[in-house]
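Encoded as structure tokens, the structure appears first; notes follow it.
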Amino acid sequence: MKDLLAELRSLERFLKIKPLYFDFESLEFVWLDTRLIPFKEVYRRTRDYRRVAEAIRSMEIRGAPAIGVSAGFGLALAALESKSSDVDALLNDLEHARRLLASTRPTAFNLFWALDRVMRRAYDEASRGGVDGVINGVLEEALRIYVEDVKANIEMGRIGSRLIEDGQTVLTHCNTGALATAGFGTALGVVRYAWYEGKRVSVITTETRPVLQGARLNVWELRREGIPVKLIVDSAVAITLARGMADLVLVGADRIVMTGHTANKIGTLQVALAARHASKPFYVVAPTSTFQRTWNPEEIVIEERSPDEVRTVMGQTYITLEDVEVYNPSFDVTPPELVTAFITEKGIVEKPFERNIPLILGV
Ligand code: MRU
């Protein structure tokens with residue numbers, strides 16, 4: 001645990017925005033409530049894994065890597081809370097917490113990946129010893145996932161920055177910055193890294209209706225760094241790219257399967273189609289924890305959220321009749337033929353994806 005904390009401290013300069021962390025003094029999980037950004041910066045804290053599940057469900061915490069990391073800490077809180085004095089009862093409590101955390105958001109693969117990983121550690125520790133070993137193991141595994149995510153983001157930034165030339169403009173959709181991860185960001189991490197290298201990069205972000213991750217979170221993050229940012233409505237993507245106002249597209253992913261089919265924020269498929277129409281490169285930036293080891297894109301579950309997200313602006317003002325029928329898928333799937341390449345912490349994955357994705361994952 002000490003080594004991990006020391007490693008984290010060495011990465012501190014990359015963590016200008018701290019979206020979430022574990023407070024080892026109070027044994028609380030702490031997160032920035034992204035629903036309130038850009039108008040208020042409020043940190044919330046809890047010792048209750050049920051509250052972590054609620055924060056993920058209500059999108060106080062969102063973005064696939066951030067969801068995964070938080071769920072890992074959720075299990076750690078469940079282990080610390082358990083009063084069970086025998087290992088089987090503790091594992092039972094953990095399974096109960098795992099089920100609740102897994103029910104929060106169905107598309108983000110990092111959620112299931114992190115829960116599986118922490119539970120595997122719990123069972124490993126249980127086979128070796130007692131309750132304390134399981135509790136410490138679960139907390140350490142959650143912390144390891146957190147530190148690995150920060151490192152993966154910085155590495156993706158370093159690798160992806162090679163694709164950005166001085167003076168270029170990146171178009172992006174949804175928030176993939178520090179606020180979507182353990183820190184630093186994926187697609188926005190690439191922009192951030194290029195900026196730290198002294199490249200004069202600028203960003204065009206969509207609003208990203210209905211939750212406005214672009215208008216609220218990207219604008220807030222980029223302004224804090226001093227990176228120039230321009231906001232467009234989602235439907236302006238095609239004209240923006242066709243007019244050559246952006247040089248490349250960088251987006252993140254919630255789930256990528258072995259064929260290269262990529263689930264990401266609703267509207268990503270339209271962005272990819274517009275990029276193809278305008279002959280602009282379309283890159284997906286995601287850590288290997290976002291890749292599901294299946295060849296079947298049909299296994300991707302698309303979350304559908306409340307109709308009121310569409311009927312209102314952020315639950316505040318109605319912009320239509322209160323009872324209008326709504327279809328509100330939160331994600332769509334971009335087929336591999338529209339993806340130029342994937343940028344992962346292990347390197348850039350080019351076509352043919354069905355050969356190169358398994359290679360980079362080592363499967
Ligand atoms: O609904 P959200 O805000 O959780 O959706 C987030 C996205 O679609 C992101 O692009 C994706 O999770 C990658 S975040 C690094």
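The three principal axes of the Cα atoms in the chain give end-to-end lengths of 65, 49, 40 Å, sorted in falling order. Amide H to amide H under 5 Å from Thr176: which residues, 5+ apart in sequence or cross-chain, H placed 1.01 Å off N in plane? Distant-sequence amide H within range of Thr176: Leu188.
Within the set Lys2/Lys151; Lys2/Lys83; Lys18/Lys280, which residue pairs have Cα atoms separated by over 28 Å?
Details: Lys2/Lys151 17 Å; Lys2/Lys83 26 Å; Lys18/Lys280 33 Å.
In this structure, Lys18/Lys280 lie more than 28 Å apart at Cα.
Once the chain from His96 to Thr317 is taken as fully extended at 0.36 nm per residue, the excess over their C-alpha distance is 75.8 nm.
Taken over the stretch 158-361, the alpha-carbon convex hull comes to 118 cubic angstrom per residue.
Extension gain, Tyr43 to Leu359, is 109.7 nm, computed as 0.36 nm per intervening residue step minus the present C-alpha separation. Computed over the stretch 158-361, relative contact order equals 21 percent, with contacts defined as Cα pairs under 8 Å that lie 6+ residues apart. The share of alpha-carbon pairs in the stretch 296-351 lying farther apart than 12 Å comes to 75%.
Between Phe24 and Glu81, the C-beta separation translates, for a Förster distance of 22 Å, into a calculated FRET efficiency of about 0.85.
When a/c is below 1.5 the answer is rounded, else prolate if a/b is larger than b/c, else oblate, so apply that to the stretch 189-253 with a ≥ b ≥ c taken from the square roots of the Cα gyration tensor eigenvalues.
Values: a/c = 1.92, a/b = 1.25, b/c = 1.54.
Since a/c reaches 1.5 but b/c is at least a/b, the shape of the stretch 189-253 is classed as oblate.
For the stretch 175-193 and the stretch 30-87, what is the centre-to-centre distance using only Cα atoms, to the nearest Å? That distance is 19 Å.
Ranked by the mean number of other Cβ atoms within 10 Å per residue, highest first, peptides 46-55, 354-363 order as 46-55, 354-363. Taking a straight Cα-Cα cut-off under 16 Å and skipping sequence neighbours fewer than 8 places away in the same chain, the aspartates and glutamates within cross-link reach of Lys265 are Glu207, Asp234, Asp254, Glu303, Glu304, Glu309, Asp332.
Dimensions of the stretch 2-154 based on its C-alpha atoms, expressed as ranges along the principal axes with the largest first, amount to 46, 32, 28 Å. Simple spin-label model, 7 Å along Cα-to-Cβ: Glu350 to Ala238 in nm? Those two pseudo-labels are separated by 3.1 nm. Here the spin labels are modelled as points 7 Å beyond Cα on the Cα-Cβ line, and at His277 and Arg120 they lie 4.3 nm apart.
Our coupling estimate for the stretch 192-201, obtained by passing each phi through the Karplus curve with A = 6.51, B = -1.76, C = 1.60 and θ = phi - 60°, is 4, 5, 4, 5, 5, 7, x, 6, 8, 9 Hz, Gly and Pro reported as x. Accessible surface comparison of Ile61, Ile348, probe 1.4 Å, protein chains only, largest first: the order is Ile348, Ile61.
Residues of the stretch 107-140 with amide nitrogen under 19 Å from the 7 Å Cα-to-Cβ point of Arg9? So the set is 140. Counting only protein heavy atoms and using a 1.4 Å probe, the accessible area of Met59 comes to about 10 Å².
The values are calculated or read from the model by the stated rules, or taken from the named source; none is laboratory data. Keep in mind that this is a model prediction, so the values were computed, not measured. Note that each Cβ is placed from the backbone with ideal geometry, even for glycine, and that neighbours are counted across all protein chains shown. Each accessible area value is taken on the protein alone, full model and side chains, heavy atoms only, with ligands, DNA and RNA left out. Shrake-Rupley method; radii C 1.70, N 1.55, O 1.52, S 1.80 Å.
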